[in-house]
Amino acid sequence: MSAETYGGFFDHADLTDAEVDEIQTRFEPVTDDLRRLVDLTIRSEVGDPEVAAAREHLAAAAELLGRRAKQGPARVVRNDTGRSWQWGNAVVGQRNAVAPPLVVERHDDGSTSARLSLGNAYEGPPGMVHGGVSALLLDHLMGVTASSMKKLTMTGTLTLRYRRPLLLGHVALAGRVVSDTGRKVTVTAEISGADGAAIEAEGLFIVPSWAPSPD
């Protein structure tokens, strides 16, 4: 998949795989620190002096990181070896503190799975994961599942059935392809928590018109 093949879907970076690893390793700890900070900001009960001091530190950190920062979307980037990355992705972005992040495992039979922990930043009803967050995670996992045959797909429709509340904490996702007609791929998936399967999903994923026809 070249940037030309997909109409500029990918940006090109003149970086080796080792250089990509080095950059990712540099920023991942900062992202983990920010995730912890988000959780602490939700739970903290300190007073005005501590909050003011914390804001000073945050302003200093923003000044340091902002000394050299690109403008605009982070986008999907690919190098000459074919490796791609999307550090800003809302679900899997290794440099995005909003992302849990989700790490999708692909299996030999074409199915996918993932395990992660969702804390206070993802709460909807008290003690439960926000339904929209569950949909976000499922949509991404299913998109990866649909694209597992080396084709680029995008969500056409997504139908969710909320069977029971999904408690905060450790959750597991699983997805599989049930139909593949070339440009249209149907995927089913579910997300489970401590009480078992909580949400079931079915989605239609479509190869965009500007992408080449799958073999």
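The values are calculated or read from the model by the stated rules, or taken from the named source; none is laboratory data. The shown structure was predicted, so the numbers you read here are calculated from the model rather than taken from an experiment. Using ideal geometry, Cβ is built from the backbone for each residue, glycine included, and neighbour counts are taken over all protein chains shown. Quick note on the areas: whole protein, heavy atoms, side chains included, nothing else; ligands and nucleic acids left out. Shrake-Rupley method; radii C 1.70, N 1.55, O 1.52, S 1.80 Å.
Looking across segment 161-183 at every residue that is at pLDDT below 95 and surrounded by 13 or more Cβ atoms within 10 Å (Cβ to Cβ), the one that is farthest from Ala146 (Cα to Cα) is identified as Arg183.
Cβ separations smaller than 9 Å between residues 6+ apart or across chains give the following pairs from segment 16-36 residues that are under 27 Å from Ala54 (Cα atoms) to residues that are open to solvent by 90 Å² or more (accessible area, probe 1.4 Å) and in a helix (DSSP H, G or I): Val30/Leu65. Scanning segment 160-195 for residues that are in a loop (DSSP other than H, G, I, E, B) and under 19 Å from the mean Cα position of the chain (by Cα) gives Leu166, Leu168. Phe10 meets each of the listed conditions (1) open to solvent by 50 Å² or more (accessible area, probe 1.4 Å); (2) closer than 30 Å to Pro208 by Cβ; (3) not β-branched (Val, Ile, Thr) apart from (1). Here Thr157 meets the list (1) open to solvent by 70 Å² or more (accessible area, probe 1.4 Å); (2) touching a residue at least 40 places away in the same chain (Cβ under 8 Å); (3) part of a loop (DSSP other than H, G, I, E, B); (4) over 21 Å from Leu102 (Cα atoms) almost entirely, failing just condition (3).
The number of residues in segment 88-129 being in a loop (DSSP other than H, G, I, E, B), farther than 27 Å from Thr25 by Cβ and touching a helix residue (DSSP H, G or I) at 6+ places or on another chain (Cβ under 8 Å) comes to 3.
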